[in-house]
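The values are calculated or read from the model by the stated rules, or taken from the named source; none is laboratory data. Just so it is clear, the structure is predicted and the values come from calculations on it, not from any experiment. Cβ: placed from backbone, ideal geometry, glycine included. Neighbour counts: every protein chain shown. Ligands, DNA and RNA are excluded from the accessible area calculation, which covers all protein heavy atoms including side chains. Shrake-Rupley method; radii C 1.70, N 1.55, O 1.52, S 1.80 Å.
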Amino acid sequence: MASSLRRIARLSLISRYTSTDGRWNTLRGLSTATDDLNSPNQCWTSNKPVNLFSAINQALHIALETDPRAYVFGEDVGFGGVFRCTTGLADRFGKRRVFNTPLCEQGIVGFAIGLAAMGNRAIAEIQFADYIFPAFDQIVNEAAKFRYRSGNQFNCGGLTIRAPYGAVGHGGHYHSQSPEAFFCHVPGIKVVIPRSPQQAKGLLLSCIRDPNPVVFFEPKWLYRLAVEEVPEQDFMLPLSEAEVIREGSDITLVGWGAQLSIMEQACVEAEKDGISCELIDLKTLIPWDKETVEASVNKTGRLLVSHEAPITGGFGAEISASIVERCFLRLEAPVARVCGLDTPFPLVFEPFYLPTKNKMLDAIKSTVNY
Amino acid sequence: MAQLTHRSANLLKPISAAVFATRGLTTASTTPITVETSLPFTGHKIDPPSRSVETTPQELLSFYRDMALMRRMEIAADSLYKAKLIRGFCHLYDGQEAVAVGMEAAITKKDCIITAYRDHCIYLGRGGTLLETFSELMGRKDGCSKGKGGSMHFYKKDSGFYGGHGIVGAQIPLGCGLAFAQKYNKEEHVTFAMYGDGAANQGQLFEALNMAALWDLPAILVCENNHYGMGTAEWRAAKSPAYYKRGDYVPGLKVDGMDAFAVKQACKFAKEHALKNGPIILEMDTYRYHGHSMSDPGSTYRTRDEITGVRQERDPIERIRKLILAHDLATEKELKDTEKEVRKEVDEAIAKAKESPLADPSELFTNVYVKGFGVESFGADRKEVRAVLP
């Protein structure tokens, strides 16, 4: 199915994403053909090309429609949210189920935990992942451990926290960070990051319905830029299952979210030099699908991990360590990590900070020629 | 005092140093004038100060000039943003100028100010220059944070301006820390910790209030209430939008934040109070003409009529203009000339800022820790200049 579409979204007043540095030259091949979806329903009624924020919007509509005990709330979500992800929800489902909160992230998440503890689906939005830190205590100490410390009497499994993460080209210090690794250190929550509109819809619905609290990071660079065909109806994609989105034999590349698009470009470039790359989308960071990555590395003998967050203590380190444990004798080169630098996310130096295609290409070549 | 200053020299001077050249000021500029604030103050657990504010022709004219300059600067920043010369997030202050100018008139540079991300005009008020402002906005070397901070991160250490903070409400407890240090060092100075009506609902404010009151810190919590926390009207987000009362046990004062003299009177009063008795909240009833940030047109959650109404009836510059004319301190034409001067000054500063080079790529690694710490890096294209650990 032709689902690999790319469109530069028109410049909007809400989010001015540009592709001046060629970062999003292609999303081709990134999208999963719908035939491959691990969905019980293979007969899609209609697939319309939509962008990522619209796919999220569809998922939220379905979540509220299919479960009368689902709620959506956060800063400015009542009028559609700053990225338009919640457009139309308040009109359709009423202000009692879709509502604005004050600017108080700690309060939002604490409130959501309580709501979920009563058996509801609490879908909370933190406006930017950079603002999630006031709520860090609630997520780490309240949400993640509620089930464990109450001996399974209570839980907040209905909780899903959505937050846009990552670079946008000019976001600066507080609108660009990728904080996923902090949350991957917390047993009791799941961390999920989609790479495309279709993935976003299917994964978000899974997260909302998952009986565990989930932090769902949305790649905000792709909100408008990534466009692909998305089934209109209700469908779910499994959590904790990685996906091989490009097969290859020389090196395995593992990533998630918006970074996969850059990695895809690097794969295409490397192929011109005769290097065959296998690209894996991890999708769920914890608990993550070690088996898929392990099988791939056993095939290729080499591994490269890439993420936007700073390299030190990033989730790439965990993948690297686990694969070394499992595939030590099969590895033909040290595991390569191409990640953000160990600096605060910069404003004017963003192109230097980011794990760009060329950095990746250098790492692919030096790993293969090790 | 009154002399024509060469304009290009003004570029590098803080605004208050720019001299107003009008007739008759040489002798009369310091003659006191008494003006009445637009509205009475409302106090919470405190007797409010008098409505009569003492000023001078010189101060009136400088208020006019400073606010006109701030407004022009913000309008220019808007254009630069649209021309993509300013990247990142950018929050404009036009409409709220009276708060910056009035506050500065009541305090000294030894008093500290800390604010959130709508910080350009506070910076200018603290003595920052247009060149530093525009350079920082455009990420240039001559910026006040070497081009590394951008719009939300302006700082000026030599005049006690602690910035420029990006996370809503996070700067308020920092302000208490500053005030504690001032008190501990037995300085007779205070800290103004500024936040918006949106931030007033953050838990950090209440933690900060408790500490400040518990230890009688000379902290003045200034709530700039522009009535919209991003796109949400205050009454949709706050059970009680009477922010001056939200400190419960901490006294508060409601001030017309569109009247620079009311702001000045309130800040003077608050400083005296804080030095003697500890914290106080000042709620400045103000208004931003622009949207929350550059991505917000500012018209989806409020009517155009509302914005026009405020512009016509409460505009802070217009109020000062009327006072100047009523006291016959300058003619309409002279005020127009001031506006032209200001416009020219802004244009010149922008031209100069554009000449300032972008921050050196090696700056990517500096200031993370005391010493540089990093590796070699390159931009999106490997042919671009590389950054190396300094």
(request) Collect the residues in region B:267-319 that are within 18 Å of the chain's Cα centre (by Cα) and among the hydroxyl-bearing types (Ser, Thr, Tyr), keeping them in residue-number order. (result) B:286, B:287, B:289, B:293
(message) Which pairs turn up if I take residues in region B:291-320 that are within 14 Å of chain A (Cβ to nearest Cβ) and look for partners that are aliphatic (A, V, I, L, M) and in a helix (DSSP H, G or I) with beta carbon separation below 8 Å, at least 6 apart in sequence or on another chain?
(response) B:298/B:307; B:299/B:307
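Here's the yes/no breakdown for (1) over 16 Å from residue A:113 (Cα atoms); (2) open to solvent by less than 10 Å² (accessible area, probe 1.4 Å); (3) touching a strand residue (DSSP E or B) at 6+ places or on another chain (Cβ under 7 Å); (4) modelled with pLDDT of 95 or more:
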{"position": "A:149", "(1), (2), (3), (4)": "no, no, no, no"}
{"position": "A:166", "(1), (2), (3), (4)": "yes, yes, yes, yes"}
{"position": "A:174", "(1), (2), (3), (4)": "yes, no, no, no"}
{"position": "A:184", "(1), (2), (3), (4)": "yes, no, yes, yes"}
{"position": "A:193", "(1), (2), (3), (4)": "yes, yes, yes, yes"}
(message) Give me the residue from region B:2-59 that is under 16 Å from residue B:330 (Cα atoms) and aliphatic (A, V, I, L, M) and, out of that set, modelled with the highest pLDDT.
(response) B:33
(message) Among the listed residues B:287, B:243, identify the single one that is assigned by the TED database to the domain that holds residue B:186, open to solvent by less than 30 Å² (accessible area, probe 1.4 Å), in contact with a His (Cβ under 7 Å, 6 or more places away or on another chain) and touching a residue at least 12 places away in the same chain (Cβ under 8 Å).
(response) B:287
(request) Return the pairs, sorted by first residue and then second, in which the second residue is part of a helix (DSSP H, G or I) and modelled with pLDDT of 95 or more, the first residue lies in region A:343-365 and is facing chain B (nearest Cβ under 8 Å), the beta carbons are less than 7 Å apart, and the residues are 6+ apart or on different chains. (result) A:356/A:262; A:357/A:262; A:357/A:265; A:357/A:266; A:357/A:269
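Out of everything in region B:127-136 that is in contact with a Lys or Arg (Cβ under 9 Å, 6 or more places away or on another chain) and touching a residue at least 60 places away in the same chain (Cβ under 8 Å), what residue ends up being nearest to the other protein chains (Cβ to nearest Cβ)? Talk me through it step by step, then tell me what you get.
Here is the first cut: in region B:127-136, the residues in contact with a Lys or Arg (Cβ under 9 Å, 6 or more places away or on another chain) are B:127-132, B:134-136.
If we keep only those that are touching a residue at least 60 places away in the same chain (Cβ under 8 Å) as well, we get B:127-131, B:134-135.
Values: B:127: 24, B:128: 18, B:129: 20, B:130: 20, B:131: 17, B:134: 14, B:135: 11 Å.
Among those residues, the one meeting the criterion is B:135.
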(message) So, residue B:151, is that one over 29 Å from residue B:276 (Cα atoms), more than 14 Å from the chain's Cα centre (by Cα) and either within 14 Å of chain A (Cβ to nearest Cβ) or open to solvent by 30 Å² or more (accessible area, probe 1.4 Å) (or both) or not?
(response) no
(message) Suppose we filter region B:309-357 for residues that are crowded, with 16+ Cβ neighbours inside 10 Å and not in a helix (DSSP H, G or I); how many remain?
(response) 4
(request) Residues being closer than 27 Å to residue B:137 by Cα, more than 11 Å from every other protein chain (Cβ to nearest Cβ) and open to solvent by less than 10 Å² (accessible area, probe 1.4 Å): count how many of those fall in region B:161-180. (result) 5
(request) Report yes if residue A:119 is in the same structural domain as residue A:217 (by TED's automatic domain parsing), open to solvent by 30 Å² or more (accessible area, probe 1.4 Å) and touching a residue at least 60 places away in the same chain (Cβ under 8 Å), otherwise no. (result) no
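Checking the condition open to solvent by 20 Å² or more (accessible area, probe 1.4 Å), closer than 29 Å to residue A:167 by Cα and within 13 Å of another protein chain (Cβ to nearest Cβ), which residue from A:140, A:109, A:82 passes? Before the answer, list the steps.
Working: A:140 fails: within 13 Å of another protein chain (Cβ to nearest Cβ); A:109 fails: open to solvent by 20 Å² or more (accessible area, probe 1.4 Å).
Checking each option against the conditions leaves just A:82.
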(request) Could you please give the count of residues in region B:222-236 that are at pLDDT 95 or above, buried (at least 22 other Cβ atoms within 10 Å of the Cβ) and not in a strand (DSSP E or B)? (result) 1
(request) Output the residues belonging to region B:192-217 that are open to solvent by less than 70 Å² (accessible area, probe 1.4 Å) and away from chain A (no Cβ under 14 Å). (result) B:192, B:193, B:194, B:209, B:211, B:212, B:213, B:217
(message) Among the residues in region A:330-338, are any within 20 Å of residue A:258 (Cβ to Cβ) and either touching a residue at least 60 places away in the same chain (Cβ under 8 Å) or facing chain B (nearest Cβ under 8 Å) (or both)?
(response) no
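If I filter region B:181-191 for residues that are surrounded by fewer than 24 Cβ atoms within 10 Å (Cβ to Cβ), basic (Lys, Arg), without any contact (Cβ under 8 Å) to a residue 24 or more places away in the chain and out of contact with any Cys (no Cβ under 6 Å at 6 or more places or on another chain), do I get at least one hit? Break it down stepwise before answering.
If we filter region B:181-191 for residues that are surrounded by fewer than 24 Cβ atoms within 10 Å (Cβ to Cβ), which is where we start, we get B:181-189.
Now narrow it down to the ones that are basic (Lys, Arg): B:183, B:186.
Now narrow it down to the ones that are without any contact (Cβ under 8 Å) to a residue 24 or more places away in the chain: B:186.
Narrowing the set further to residues that are out of contact with any Cys (no Cβ under 6 Å at 6 or more places or on another chain) leaves B:186.
Yes, region B:181-191 contains a residue that is surrounded by fewer than 24 Cβ atoms within 10 Å (Cβ to Cβ), basic (Lys, Arg), without any contact (Cβ under 8 Å) to a residue 24 or more places away in the chain and out of contact with any Cys (no Cβ under 6 Å at 6 or more places or on another chain).
Restricting to region A:302-329, count the residues that are in a loop (DSSP other than H, G, I, E, B) and surrounded by fewer than 19 Cβ atoms within 10 Å (Cβ to Cβ). Walk me through how you get there before you give the answer.
Just the residues of region A:302-329 that are in a loop (DSSP other than H, G, I, E, B), to begin with: A:302, A:311-314, A:328-329.
Narrowing further to those that are surrounded by fewer than 19 Cβ atoms within 10 Å (Cβ to Cβ): A:311-313, A:328-329.
Selection size over region A:302-329: 5.
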(request) Just name the residue that is farthest from the chain's Cα centre (by Cα) out of those in region A:143-172 that are in a helix (DSSP H, G or I) and more than 22 Å from residue A:193 (Cβ to Cβ). (result) A:149
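Quick check: is even one residue across region B:354-377 modelled with pLDDT of 90 or more and either more than 14 Å from every other protein chain (Cβ to nearest Cβ) or within 23 Å of the chain's Cα centre (by Cα) (or both)?
Initial filter on region B:354-377 (modelled with pLDDT of 90 or more): B:354-358.
Next, from what is left, pick out any that are either more than 14 Å from every other protein chain (Cβ to nearest Cβ) or within 23 Å of the chain's Cα centre (by Cα) (or both): B:354-355.
Yes - at least one qualifying residue is present in region B:354-377.
Look at residue A:262 and say whether it is in contact with a Pro (Cβ under 9 Å, 6 or more places away or on another chain) and in a helix (DSSP H, G or I). Break it down into steps so the answer makes sense when it comes.
Working: in contact with a Pro (Cβ under 9 Å, 6 or more places away or on another chain): yes; in a helix (DSSP H, G or I): yes.
Yes.
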(request) Please identify the pairs in which a residue from region A:53-77 that is at negative phi has its Cβ atom under 9 Å from the Cβ atom of a residue that is part of a helix (DSSP H, G or I) and acidic (Asp, Glu), counting only partners at least 6 apart or on another chain. (result) A:75/A:105
(message) Show the residue pairs meeting these rules: Cβ distance below 6 Å; 6+ apart or different chains; first residue within region B:80-94 and part of a loop (DSSP other than H, G, I, E, B); second residue of a type in the set (Lys, Arg).
(response) B:91/B:118; B:93/B:118; B:94/B:71
(message) Conditions first: (1) outside any helix (DSSP H, G or I); (2) at pLDDT 95 or above; (3) not β-branched (Val, Ile, Thr). Residue B:271 passes all but one, so which condition is the exception?
(response) (1)
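Determine which member of the set A:219, A:231, A:197 is more than 24 Å from residue A:318 (Cβ to Cβ) and surrounded by 24 or more Cβ atoms within 10 Å (Cβ to Cβ).
Residue meeting the stated conditions: A:197.
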